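Undergrad: Just passing along the structure, written as C-alpha cells.
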Amino acid sequence: MVDLNVEIAPGVVLKNPVLTASGTFGYGREYADYLNIAELGAIITKGLSLKPKVGNPGVRITETACGMLNAIGLENIGIDSFITDELPVLQKLKAEVIVNIFGNNQDDYAAIAARLDQVEGVRALEINISCPNVKAGGIQFGTDPDAAASLVAAVRKATSLPLITKLSPNVTDIVKIAKAVEDVGSDSVSLINTLMGMAVDLDKKQPMLGNVTGGLSGPAIKPVALRMVYQVAQAVSIPVIGIGGITSAQDALEFLLAGATAVEIGTANFVNPAVGAEIVTGIRDYLELRNYEKVTDFIGSLQ
C-alpha cells in the first residue's frame, strides 16, 4: 500500500494528510459516531481561548450558493474545560490532536500556549491570527506582516510545541504574511481561513446574519484557496496545509499537487460527517492506481 505519512512540522508525522478544519468538527467527539476519527491524520479543535466565550448573538450560519457564511464569534468552552473534559475523550479515541488557539492580544495567545505546553496528547498548536488586537485599536493580527510576526514570535517564546499559523485570505499579499511568520519560528502555515462576506434577506430587507457579515467557506472559495496555497508553497520552505472548499479526494489531491503537504476539511463535514475518512481512502486509491509508493512523491509535483 502507498505510504500516506506526512510531516507537517518537525517531529509531527501524521499517518495521512487529511485533517479537520477548526470550527467545523467541534471538539472531535461529536463526530465519533460517524467515523473512526483515529483514521484521520489529525483533529484540529474548535478555536480555544483562555476563558469560555459565548460568541455572537442572533443567526450565526446561513447557506449561500456553493457554500455558507458563519459568524459564530469563536464560541468555545475555554482551555481548562477542554483539557479536563474533551482531551481525555480524544485520547481514548486515539486521535492525533492539534489545538487551535486565539486571543485578544499577544499576552492571551502566549498564556494559552504556555498552558498547553506540557499537556499530554497535544501534538501541535494552530494559531488563529484572524483576530482583532484590542490593544492596537482592533487591527487584525493576520492582516499586517509585522503584527503577525510579533504575535507568532511571542507564542514561540511561550511554548516548545510545534506551531502552525493559520493565515487570513483577507489581505493584499498573503505571501508576505506567510514569510513573516516563517521568519520568526512558525513551523508551518495553514491557509486559507474564511473570506469575509455578507448575505441579505430581500423580503425582510435585513442582513441574514446577526453579525451582518461573516466568513465565507465551502466550494465557492476553492479556486481562491488553491491559488494562495500554490503561491505560498512556492515562497516558503516550511510545510503548507491547504484549506478551502475541499469536498472530495480530487479536491484534496489538487491541493497536494499544488504544494500542500496536508489539507484540512471544513464545511464538507456539515454535509457528510464521514467525508474525511472517504477522502483518505480516495487519496490512497488514486495514488495506488498510479503506482506511487508514497504521497510525498506526489506533493508539489505540479508541472
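The values are calculated or read from the model by the stated rules, or taken from the named source; none is laboratory data. Note that this is a predicted model, so its numbers are computed, not measured. Neighbour counts run over all protein chains shown; Cβ positions are idealised from the backbone, glycine included.
Undergrad: Does at least one position in the stretch 276-289 carry a residue that is part of a loop (DSSP other than H, G, I, E, B) and farther than 19 Å from residue 175 by Cα?
TA: no
Undergrad: Go through (1) more than 29 Å from residue 65 (Cβ to Cβ); (2) in a strand (DSSP E or B) one by one and return the number of the condition residue 182 breaks.
TA: Going through the list (1) more than 29 Å from residue 65 (Cβ to Cβ); (2) in a strand (DSSP E or B), residue 182 breaks only (2).
Undergrad: Restricting attention to the stretch 6-59, report how many residues are under 19 Å from the mean Cα position of the chain (by Cα), assigned to a loop (DSSP other than H, G, I, E, B) and closer than 18 Å to residue 252 by Cβ.
TA: 9
Undergrad: List the strands (runs of 3 or more DSSP E) that sit entirely inside the stretch 74-178 and contain at least 1 residues that are under 16 Å from the mean Cα position of the chain (by Cα), modelled with pLDDT of 95 or more and hydroxyl-bearing (Ser, Thr, Tyr).
TA: 163-166
Undergrad: Something else now. For the stretch 185-210, which residues satisfy the criterion of being closer than 20 Å to residue 106 by Cβ and in a loop (DSSP other than H, G, I, E, B)?
TA: Of everything in the stretch 185-210, those that are closer than 20 Å to residue 106 by Cβ and in a loop (DSSP other than H, G, I, E, B) turn out to be 185, 186, 187, 193.
Undergrad: When both residues are 6+ apart or on different chains and their Cβ atoms are under 9 Å apart, which pairs have a first residue that lies in the stretch 284-295 and is of a type in the set (Asp, Glu), and a second that is not in a loop (DSSP other than H, G, I, E, B)?
TA: Here the result reads 285/249; 293/3; 293/287, each pair linking the stretch 284-295 to a residue that is not in a loop (DSSP other than H, G, I, E, B).
Undergrad: Related question: Look at residue 166 and say whether it is over 28 Å from residue 227 (Cβ atoms) and of a type in the set (D, E, K, R).
TA: Against the criterion (over 28 Å from residue 227 (Cβ atoms) and of a type in the set (D, E, K, R)), residue 166 does not qualify.
Undergrad: Would you confirm whether any residue within the stretch 45-63 is touching a Ser or Thr at 6+ places or on another chain (Cβ under 8 Å), touching a residue at least 60 places away in the same chain (Cβ under 8 Å) and not charged (D, E, K, R)? Quick ask: steps written out before the conclusion?
TA: Quick first cut of the stretch 45-63, residues touching a Ser or Thr at 6+ places or on another chain (Cβ under 8 Å) only: 45-47, 52.
Within this subset, residues satisfying the condition of being touching a residue at least 60 places away in the same chain (Cβ under 8 Å) are 47.
Filter once more, keeping what is not charged (D, E, K, R): 47.
Yes, because at least one residue in the stretch 45-63 is touching a Ser or Thr at 6+ places or on another chain (Cβ under 8 Å), touching a residue at least 60 places away in the same chain (Cβ under 8 Å) and not charged (D, E, K, R).
Undergrad: Turning to a different aspect of this structure: Taking residue 125, is it of a type in the set (A, V, I, L, M, F, W, C), touching a Ser or Thr at 6+ places or on another chain (Cβ under 8 Å) and free of Cβ contacts under 8 Å to residues at least 40 places away in the same chain?
TA: Criteria met by residue 125.
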